[in-house]
Amino acid sequence: LYSMGELKAGQRSYYDTHFFPQNWYCGFNRALANYTIIRYGSEGSDQERMADEITDVLSKANVDREHIQYIRNSLLSSRTEHSTAGSADKVKYMRMARYSEYIMSVITRMFYHDYILFGFPFPVIPRPTGPPPRFIQEDTLIS
């Protein structure tokens, strides 16, 4: 596949860096004890919890309070240009994935060690109700 694309063997694409399991990065296998794990939260109480945890880490590292407050305010009040939090497309595709036995089983297998390492609950995988569909139409999903 590398010979067909623009990447050379061993290079990572934009998509690789976004979708590889997180435990493949930052030398986790060698230095996990040196890291503070903070779960990402993009909305509501999850976002507030994340900001609290980051504030705590920065305070313990003696970062200036003014800088900490700026970071905290940025986390809670702004979005990056490519943010999908709260978007209709995100809601649609998350529902489609969660109702697909195939997609959920692939995600669970692909990120198995991340679920364990970061303490995420394993998702409930829906039971198949017939042959796998060629595609999922949103209007066929249960609300």
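No value in this document is a laboratory result; all are computed from the given coordinates. Because the structure is a prediction, the values reported are computed rather than measured. With ideal geometry, Cβ positions are generated from the backbone for all residues, glycine too; neighbour counts draw on all protein chains shown.
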Seminar exercise, completed: The local net charge around residue 49, scoring Lys/Arg +1 and Asp/Glu -1 for residues other than residue 49 whose Cβ lies under 13 Å from its Cβ, equals -4
Exercise. ³J(HN,Hα) across region 112-122 via Karplus (A = 6.51, B = -1.76, C = 1.60, θ = phi - 60°), whole Hz, x for Gly/Pro?
Worked result: 3, 5, 5, 4, 5, 4, 9, x, 7, x, 5
